[in-house]
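Scroll down for the structure; my scribbles are underneath it.
The values are calculated or read from the model by the stated rules, or taken from the named source; none is laboratory data. For clarity, every value in this text was computed on a predicted model and none was experimentally measured. Backbone-built Cβ (ideal geometry, glycine too); neighbour counts: all protein chains shown.
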Amino acid sequence: MKQTKQEFITMMSRIGKQWGLGEPIGRIWGLLLFEGSPLSQREIARECNYSLSLVSPSLAFLEKMGLISVVGRRGKERLYRATSSFLEAFEKILNNFVQLNIEPVIELLSKAKEAGSEHTKKKLENIINEYKKAVILSNFFLWLIKTKKALTVKQLVKVLKMHDVYARTKKAHFSMPAV
């Protein structure tokens, strides 16, 4: 089980990096997800092989995001526990990505389009439409997560099979569909 735990924590550190949170934040959150029981900052530092000065701001960031919380004390030390599931975190991060990255691009290009030549306006309109599609699809995916996350995996697969989505998503892992 120790090897599985270490591999999981390493994978979560990679996910943290890919999500733009950083490897330490992913590793610390992964540890807290895997453990399930509360850990002190010192225990987290020891398990992750990090200094306390690296763990402290990482915990503050995770707490600010709502992914962990302080659940008590052991002596003078605060105890931390993961309070968001992976799916809930994915939902928060996707929502933040849309709000902080995609929507500002649409706003910027929309303002630039107003002052551009006809040729520039057409080019910018195409780019804006791609970003708008990304927002619409992201919002659909966020809605899907919100409405379906209470389902079991078996129930979710059943719902998706009703709309032939499950079969298409499985195929998408192996080959891109022709457009």
**Study point:** Filter pass, ILE102 being of a type outside the set (Asp, Glu), outside the structural domain of ILE28 (by TED's automatic domain parsing), in contact (Cβ under 8 Å) with a residue 40 or more places away in the chain and closer than 18 Å to ILE145 by Cβ
**Key:** no
Point to revise | Close pairs from segment 110-129: first assigned by TED's automatic domain parsing to the domain that holds VAL98 and in contact (Cβ under 8 Å) with a residue 60 or more places away in the chain, partner surrounded by 12 or more Cβ atoms within 10 Å (Cβ to Cβ) and assigned to a helix (DSSP H, G or I), Cβ under 6 Å, at least 6 apart | key: none
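Conditions tested, residue by residue: (1) free of Cβ contacts under 8 Å to residues at least 24 places away in the same chain; (2) surrounded by 14 or more Cβ atoms within 10 Å (Cβ to Cβ); (3) touching a Ser or Thr at 6+ places or on another chain (Cβ under 9 Å).
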position	(1), (2), (3)
SER13	yes, yes, no
GLN18	yes, no, no
GLU43	yes, yes, no
SER51	yes, no, no
LEU59	no, yes, no
ILE68	no, yes, yes
Exercise for review: For segment 72-125, name all the residues that are part of a strand (DSSP E or B) and loosely packed, with under 13 Cβ neighbours inside 10 Å.
Suggested key: GLY72, ARG73, ARG74
